[in-house]
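Data first, discussion second: the structure below is written as structure tokens.
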Amino acid sequence: MPKDNYSLFKEIVASAFYGSSYRFADIDYKLHPRLIQKYDIIRIIGEPASEFERLVKVLPNRFKDTARTELYRSDRGWLYRGTRNHDLRLIKSNDAEYVIPWIGNRCVGIDTRSYEGEWTILSICVFIDPEAAYLYCEKHLNLPKVYQPPEFKWARLYPIHRKRFLENFSLFLRLSCEAVLTIKTNALIKPEEKLNDTFIKLIDGCFSGYEKHKGAERNNLRTQFFDMINDTPIHCDNDFKPLTPSNIVRFLVKTLADGKDFTPLHAEKPSGESRPIQLADLICGAFHYHLTNKTYGELGFLPLEFNNKLKGIKQGKEAKAYIWFNK
């Protein structure tokens with residue numbers, strides 16, 4: 001049975017993203033992983049320079065004519081239909097717009113990175129599609145994994161692989177995340193109070209205080225972040241001993257709830273089995289680089305005024321917070 005034009009478009013987008021073989025008109029095209037821009041499938045191809053261009057060259061004119069109309073139709077076009085049906089996503093990065101398959105579901109990844117013996121980068125990442133993000137790292141960036149178990153780890157990447165990830169970090173964020181909250185603090189290593197109190201104050205400090213001039217804005221920010229993570233699977237590495245990952249998940253969601261009903265969902269997987277934790281680890285490492293080089297603003301990370309109620313302020317305990325939204 002012949003495919004309808006939308007199904008053909010959707011399958012080509014997915015095969016290109018996966019870098020898999022695609023069969024069309026009884027011919028197999030071995031596609032390399034690539035991000036398709038919206039109009040790649042209707043380009044006029046002279047001498048094909050890739051398997052993808054070989055495929056595009058033989059697509060029927062009636063398909064391309066339909067694509068020219070349907071790609072942008074606002075009420076029922078292919079992109080509208082794809083996003084509505086959870087089939088496709090449109091990624092905007094700089095001046096380019098890419099179409100990728102929608103593979104996974106929203107979840108949260110939490111990880112930390114310690115350095116200089118006292119400082120910690122804590123990243124709470126709300127992922128739109130961790131499966132697509134993982135495949136992008138695996139097949140498009142060719143990042144290697146450590147083994148036993150196989151997983152991505154920033155600390156084990158060679159400089160050439162870190163450089164490649166950093167060069168594509170902005171696109172990676174837009175492809176993978178809805179939001180990222182990152183906190184730099186020296187309060188988690190040798191805390192001056194119970195670790196659960198320290199963690200709660202770190203989260204609350206990002207969204208409280210400054211009521212006179214920014215109270216409504218910060219409350220809206222808290223509500224927005226709470227709505228993203230409440231009743232959403234949260235993956236957390238075991239970085240907060242003696243607290244368990246389940247403890248951290250509950251403290252996080254309860255603190256953001258600020259008295260409202262809440263439902264913490266802990267996805268109980270170790271980092272070697274949790275793709276969101278591995279992706280959060282990469283984000284921690286890349287953000288640390290940009291923080292050190294003071295280039296985080298170029299990525300769209302905004303500093304948050306931190307309401308410091310940590311015990312040990314006189315001893316220099318502090319935190320700085322940064323937030324990023326996929327706009």
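Summary table
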{"read-out": "Neighbour net charge for residue 325 - beta-carbon separation under 15 angstrom, K R +1, D E -1", "value": "+3"}
{"read-out": "Per residue Cα convex hull volume in Å³ - calculated over region 5-101", "value": "102"}
{"read-out": "Loop-located trypsin sites (Lys or Arg not before Pro) in region 84-132, at most 16 other Cβ atoms within 10 Å (DSSP)", "value": "106"}
{"read-out": "Over the chain - Rg/Rh using Cα atoms and the Kirkwood inverse-distance radius", "value": "1.03"}
{"read-out": "Peptide ranges 300-313, 4-17 listed from the most packed, as the mean C-beta count within 10 angstrom indicates", "value": "4-17, 300-313"}
{"read-out": "Kyte-Doolittle mean at least 0.0, axial Cα span of 24 Å or more - DSSP H helices of the chain", "value": "275-292"}
{"read-out": "16 Å Cα cut-off, lysine pairs counted over region 5-101 (separation 8 or more, or different chains)", "value": "6"}
{"read-out": "Eligible lysines near residue 184 by straight Cα distance, threshold 19 Å, same-chain separation 8 or greater", "value": "194, 201, 241, 294, 309, 311, 314, 317, 320"}
{"read-out": "Antiparallel %, DSSP beta bridges [both residues in region 78-155], to 5", "value": "100"}
{"read-out": "Fraction of the pair-distance distribution of region 47-190 above 17 Å, Cα-Cα pairs, percent", "value": "73"}
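No lab work stands behind these numbers, since they all come straight from the coordinates. These numbers come from a predicted model, not from an experiment. Note that each Cβ is placed from the backbone with ideal geometry, even for glycine, and that neighbours are counted across all protein chains shown.
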